[in-house]
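The structure appears below as C-alpha cells.
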Amino acid sequence: MTNIASIDIGSNTARLLILEFTGDQKFNLLVSKRNITRLGEGIDAQGKLTEHRMQTTLKVLSRFRQICLENGDPPLFAVATSAVREASNGQEFVRLAKKETGIDIKIITWEEEARLTLEGVYWKIPHENRRVITFDIGGGSTEFILSEGENIKDFCSTSLGVVRLTEKFITQHPVDEKEYHSLQNHLQDELQTVKNKLSAFLPELLIGTAGTVTTLAALKENIYPYDPEKIHGSTFSRPEAESILDDLKGKSLSQRLLLKPMEPGREDLIIAGTAIVLETMRAFGCETLMVSEYSLREGLILRLSLIHI
C-alpha cells in the first residue's frame, strides 16, 4: 500500500490531505488538516501578497511538511490558486516556500482548477450523467463548472471570493443592511453574467464545495466536532440557508464564534459566502444545494494516483 499527499493553497485556507492507496482508486484517510491563513488578504488593494500573510502560510506549510514526513514522506502535489495566481509576487512566494519548507508549489490555471475540482467532487458523488452546476467558493474567487456526467461543458471563473467581497462590502458586525444590499446587488449582476455564459442547458442539480457550504451544512444540523461523513452529500434548501443567514447577520463576531460549528477565522467571511450561495441558487433556479466535502485536493490525489501507482 502507498501513501499519497496533496496540498491546496487557497486565498483563505491551506489544506493538507494524506491518503493510503489500497487499489482501484480506493483510499483510507490518514490525515486531513486545514488552516485559515488568509493569504489573499488585501490583494485587491495592493496587488500582491502581504509579508504577514505569506509568513503565516509558510508556517502552516512547514507543519504540513512535517506531517508528511511523519507519514512516510509520500509523493506530494501542492498547488496554489487565485491569490498566488494573481499576485505580482506570487512567484516569490513559490520560491520562498521551496526554500523554507522544501515544498514545490505549482500555480495552476483556472482550467486546471476546474477540472481537478470536478474530479474530486465526483469521486464520492455519483454523477449519473446528470446536468450539474458545481461551484467552489474560495477566498479570492469562485469557480462555476457546467457538466453533463463527467464531461465539462463550460466553466466560468469569477472574482467572487469571500475575502475579497468581505473587504469590499461588509465592514460591520452585526451586518448593516445597506452594506448587505450593495453586496447582494453586486452578486446578482455578476451571476447574471455567469448564467449567460453557462447557458447550454439548465442544471438538474447544484453542488457546492469548500468552507462556506460545509459550514452552512454543519450549522444547519449543529454538527460538532466536524464530521466529514455527515457533511458530504448532505443537502439544504434555500429557506434553510436564508434562515441561517438572518441569524448570523444579527450577531457580532464574538457571538458567531459561540456557535460550535463556526470555524474561527470564518466568522466574518460567512456572510459574503452565504450570500454567494443564496444568489447562485436564485440565479439558476435551484431550491436545494448538495454539499461536497471533497474538491480540489481530492482531485489532486486521484491525479497523483495515476502517475505514481
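The values are calculated or read from the model by the stated rules, or taken from the named source; none is laboratory data. Nothing here was measured: the structure is a model prediction, and the numbers come from that model. When we count neighbours, we look across all protein chains shown, and the Cβ atoms used for this are built from the backbone with ideal geometry, even at glycine. Side chains are part of the model used for accessible areas, which takes the heavy atoms of the whole protein and leaves out ligands, DNA and RNA. Shrake-Rupley method; radii C 1.70, N 1.55, O 1.52, S 1.80 Å.
Roughly speaking, what is the stretch gain from Asp189 to Gln55, that is 0.36 nm per residue apart minus the C-alpha to C-alpha distance, in nm to one decimal?
44.7 nm
Just to confirm, what accessible area per residue do you get for the stretch 148-212 at 1.4 Å probe, in whole Å²?
Values: 3150 Å² over 65 residues.
I get 49 Å² per residue for this part.
Kindly state, as a whole number, the per residue volume in cubic angstrom of the convex hull around the alpha carbon atoms of the stretch 13-66.
Numbers: hull volume 4.8 nm³, N = 54.
Per residue, the Cα convex hull of the stretch 13-66 comes to 89 Å³.
Can you give the relative contact order of the stretch 7-102 as a percent, counting alpha carbon pairs under 8 Å and 6+ residues apart? Intermediate results must be reported in sequence, preceding the final value.
Numbers: 139 pairs, mean separation 29.5, N = 96.
That works out to 31 percent.
Against the empirical 2.2 N^0.38 Å scaling, what ratio does the C-alpha Rg of the stretch 161-309 come to? Walk me through the numbers on the way to the answer.
Numbers: Rg = 16.2 Å, N = 149, 2.2 N^0.38 = 14.7 Å.
Output field value: 1.10.
Based on alpha-carbon atoms only, what is the radius of gyration of the stretch 52-133 relative to the globular estimate 2.2 N^0.38 Å? Walk me through the numbers on the way to the answer.
Values: Rg = 15.6 Å, N = 82, 2.2 N^0.38 = 11.7 Å.
For the stretch 52-133, the normalised Cα radius of gyration comes out at 1.33.
Normalising by the residue count of the stretch 210-282, find the relative contact order in percent from Cα pairs under 8 Å and 6+ residues apart.
For the stretch 210-282, the relative contact order is 42 percent.
For Cα pairs less than 8 Å apart in space and 6+ apart in sequence, what is the mean separation divided by the residue count of the chain, i.e. the relative contact order in percent?
Answer for the chain is 20 percent.
Gap in Å between the Cα centre of the stretch 67-133 and the Cα centre of the stretch 258-275?
Their Cα centres are 24 Å away from one another.
What distance in nm lies between label points placed 7 Å from Cα along the C-beta direction at Ser252 and Ser159?
About 3.4 nm separates the two model spin labels.
Any idea what % of Cα-Cα pairs in the chain are farther than 30 Å?
Counting pairs separated by more than 30 Å, the tail of P(r) holds 29 percent.
Work out the FRET efficiency for Lys98 and Asn28 from their Cβ-Cβ distance, taking R0 = 22 Å, and round it to the nearest 0.05.
After rounding to 0.05, the efficiency reads 0.15.
Cα atoms only, the stretch 1-92: Rg and Dmax in Å?
14.7, 47
What's the carbon and sulfur percent of the stretch 103-215's accessible surface, probe 1.4 angstrom, rounded to a whole number?
Summing carbon and sulfur atoms, their accessible area is 44 percent of the total for the stretch 103-215.
Per DSSP helix of 4 or more residues, -39500 (n - 2.57); summed, then divided by the residues of the chain. What does that give at 222 nm, rounded to the nearest 500?
Value at 222 nm, helices only, nearest 500: -14000 deg cm²/dmol.
Could you compute how fast the stretch 222-309 diffuses translationally, taking Rh as the Kirkwood radius over C-alpha pairs and applying Stokes-Einstein at 37 °C with viscosity 0.692 mPa s? Give it in µm² per second.
218 µm²/s
Considering only the other residues whose Cβ falls under 10 Å of the Cβ of Thr37, what net charge follows from Lys and Arg at +1 and Asp and Glu at -1?
Value of the local net charge: +3.
Need one number: nm distance between label points at Glu112 and Arg238, each 7 Å from Cα along Cα→Cβ, rounded to one decimal.
The two pseudo-label positions are separated by 3.7 nm.
Report the local net charge at Pro75: Lys and Arg +1, Asp and Glu -1, summed over other residues whose C-beta lies under 13 Å from its C-beta.
Net local charge, Pro75 excluded: -2.
Pull up all non-local amide H partners of Phe27: gap of 5 or more, or a different chain, and H-to-H distance under 5 Å with H placed in the peptide plane.
Under 5 Å from the amide H of Phe27 lie the amide H atoms of Thr22, each far enough along the sequence or on another chain.
Net charge near Ala241: determine it from the other residues with C-beta under 14 Å of the C-beta of Ala241, scoring Lys and Arg +1 and Asp and Glu -1. Don't jump to the answer; show the numbers that get you there.
Details: positive: Lys220, Arg238, Lys249, Arg282; negative: Glu221, Glu240, Glu242, Asp246, Asp247, Glu279, Glu287.
Result for the neighbourhood of Ala241: -3.
If you line up the Cα atoms of the stretch 207-259 on their principal axes, what length do they span on each, largest first, in Å?
30, 24, 17
Using the alpha carbon gyration tensor of the stretch 1-156, what are the three equivalent-ellipsoid semi-axes (square root of 5 times each eigenvalue), largest first, in whole Å?
Each semi-axis is √(5λ); the values are 26, 23, 11 Å.
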